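A.B. asks: One structure, as structure tokens, below. Some questions next.
The values are calculated or read from the model by the stated rules, or taken from the named source; none is laboratory data. Keep in mind that this is a model prediction, so the values were computed, not measured. We place every Cβ from the backbone using ideal geometry, glycine too, and count neighbours over all the protein chains shown. For accessibility, only protein heavy atoms count, side chains too; no ligands or nucleic acids. Shrake-Rupley method; radii C 1.70, N 1.55, O 1.52, S 1.80 Å.
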Amino acid sequence: MWLYLAAFVGLYYLLHWYRERQVVSHLQDKYVFITGCDSGFGNLLARQLDARGLRVLAACLTEKGAEQLRGQTSDRLETVTLDVTKMESIAAATQWVKEHVGDRDGGLTLLPRLKCSGAIIAHCSTELLGSSDPLASASQNAGITGLWGLVNNAGILTPITLCEWLNTEDSMNMLKVNLIGVIQVTLSMLPLVRRARGRIVNVSSILGRVAFFVGGYCVSKYGVEAFSDILRREIQHFGVKISIVEPGYFRTGMTNMTQSLERMKQSWKEAPKHIKETYGQQYFDALYNIMKEGLLNCSTNLNLVTDCMEHALTSVHPRTRYSAGWDAKFFFIPLSYLPTSLADYILTRSWPKPAQAV
């Protein structure tokens, strides 16, 4: 009995292993647009995909970041500046992508249009826009049929602090970049991705599965999870596949220890008097040390995340969700299945008590 069970489990994992390693063909013809390529995951992914031969369209917030990236990659990689909080910037980037991948409807709108009238309209449409046209056929044979991959990677995490210490402006900035920006960029690029029957990869966080500290950030990432799930179900019949990447704690520009701790101090300094009296200086000092230790323990192996992104873009059978990092896989994911009261205890057992705690 146990032998059969072991054989069944072994066969299952063997088939799973084989399925996961099937790769999409003609990767060298496929375009991938990535946001947030100045540093961190986006920067590494752009270089990683470029080295593999894909046509990378990298969006950076600053021209300096774009210039540095171009200096580290091949001539295939091209850059554009993009601020995901501004609709006009998103529209300009979308137009730029169209010009690179070929903006056409089924390989047809690249052709010149003639003004026809009356009874000859149908004839003109057939002759000039038909799939038998050599220009359209050449475009199709080139394998350029839209945008194969969209990676929504741009994000911010600032300041690292409690909800009650967080001002409205900081909360709104996180929502604008981490959630609204993802939605607007996705909807703007979606026709191009749908045309290619391609992939959308949304970078969430393990804090989008288990809300733990930095309320504004967690809210934005829960929103990314919800948006991705809804959109995946809505467009499932168009051949587009959507994956969510949920990194654990990694050392990137967002988790720069010096900047993060300085912003935390500034947030406490600007907190109203009654907030400081409620929590107390000792509470802040203890929490500050906890955050410092957590930032020190962030993983430096960013490939654990970018490998997930690459698999989602290049595998014939991408996963719906990828948990990246040992903390995500072996702490936060199991924690998410525990009773809420037990999870609350585990997460907050080391936290200090406020001065006016009851």
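A.B. asks: Computing the accessible area with a 1.4 Å probe over protein heavy atoms, can you report the carbon and sulfur percentage for the chain?
C.D. replies: 57
A.B. asks: In degrees from 0 to 90, rounded to the nearest 10, what is the angle of the helix 2-20 Cα long axis to the longest principal axis of the chain?
C.D. replies: Approximately 60 degrees, to the nearest 10.
A.B. asks: Between Tyr13 and Ile235, what is the label-to-label distance in nm when each label sits 7 Å out along the Cα-to-Cβ direction?
C.D. replies: Each label point is offset 7 Å from its Cα along the Cβ direction, giving 3.6 nm.
A.B. asks: Hey, with R₀ at 51 Å, roughly what FRET efficiency would Arg197 and Leu342 work out to, going by the Cβ-Cβ distance, to 0.05?
C.D. replies: Efficiency at R0 = 51 Å is approximately 0.75.
A.B. asks: When the helix-only estimate is applied to the chain (DSSP H runs of n ≥ 4, each -39,500 (n - 2.57), divided by the residue count), what is the mean residue ellipticity at 222 nm, nearest 500 deg cm²/dmol?
C.D. replies: -15500 deg cm²/dmol
A.B. asks: Let me ask you something else. Count neighbours as other Cβ atoms within 10 Å of each site's Cβ, and list the trypsin sites (Lys or Arg not before Pro) in the range 1-88 that are DSSP loop with at most 16 such neighbours.
C.D. replies: Passing both the DSSP loop test and the Cβ count: Arg21, Arg76, Lys86.
A.B. asks: So which trypsin sites (Lys or Arg not before Pro) in the range 298-358 end up in coil per DSSP with only 11 or fewer other C-beta atoms within 10 Å?
C.D. replies: Arg349
A.B. asks: Just to confirm, what accessible area per residue do you get for the range 161-214 at 1.4 Å probe, in whole Å²?
C.D. replies: 36
A.B. asks: At 7 Å along the Cα-to-beta-carbon direction for both Ile275 and Ala211, put a label point, then send me their distance in nm to one decimal.
C.D. replies: In this crude label model, Ile275 to Ala211 measures out at 1.8 nm.
A.B. asks: Here is a further query. Viscosity 1.306 mPa s, temperature 10 °C: what is the translational diffusion coefficient of the range 144-227 from Stokes-Einstein with a Kirkwood Rh over Cα pairs, rounded to a whole number of µm²/s?
C.D. replies: Answer, rounded: 118 µm²/s.
A.B. asks: Give, as a single signed number, the net charge of other residues whose beta carbon lies under 15 Å from the beta carbon of Met291, with Lys and Arg counted +1 and Asp and Glu -1.
C.D. replies: Charge balance near Met291 sits at +1.
A.B. asks: Here's a follow-up. The range 37-54 to the range 242-293: how many Å between their Cα centroids?
C.D. replies: Here the two parts' Cα centres lie 29 Å apart.
A.B. asks: Measure off 7 Å from each Cα along the Cα-to-Cβ vector at Asp29 and Phe330, then give the distance between these two points in nanometres to one decimal.
C.D. replies: 4.4
A.B. asks: Now for a different question. Hey, if we sort His16, His26, His317 by accessible area with the 1.4 Å probe, largest down, what's the order?
C.D. replies: His26, His16, His317
A.B. asks: Mind listing the long-range amide H neighbours of Ala324? Cut-off is under 5 Å, sequence gap 5 or more, other chains count too, H placed in the peptide plane at 1.01 Å from N.
C.D. replies: Glu246, Gly248
A.B. asks: Sticking with this one: What does the convex hull of the alpha-carbon atoms of the range 258-358 project to on average, in nm²?
C.D. replies: Computing the convex hull of the Cα atoms and averaging its projections yields 9.1 nm².
A.B. asks: Further, regarding this structure: What's the FRET efficiency of Thr300 with Met1 using the Cβ-Cβ distance as r and R₀ = 56 Å, to the nearest 0.05?
C.D. replies: 0.75
A.B. asks: Need one number: % antiparallel among DSSP beta bridges in the chain, to the nearest 5.
C.D. replies: 5
A.B. asks: For Kirkwood radius over Cα pairs in Å, the choices are (i) 22.7; (ii) 19.9; (iii) 21.0; which was calculated from the structure?
C.D. replies: After the calculation, the listed value that fits is (i).
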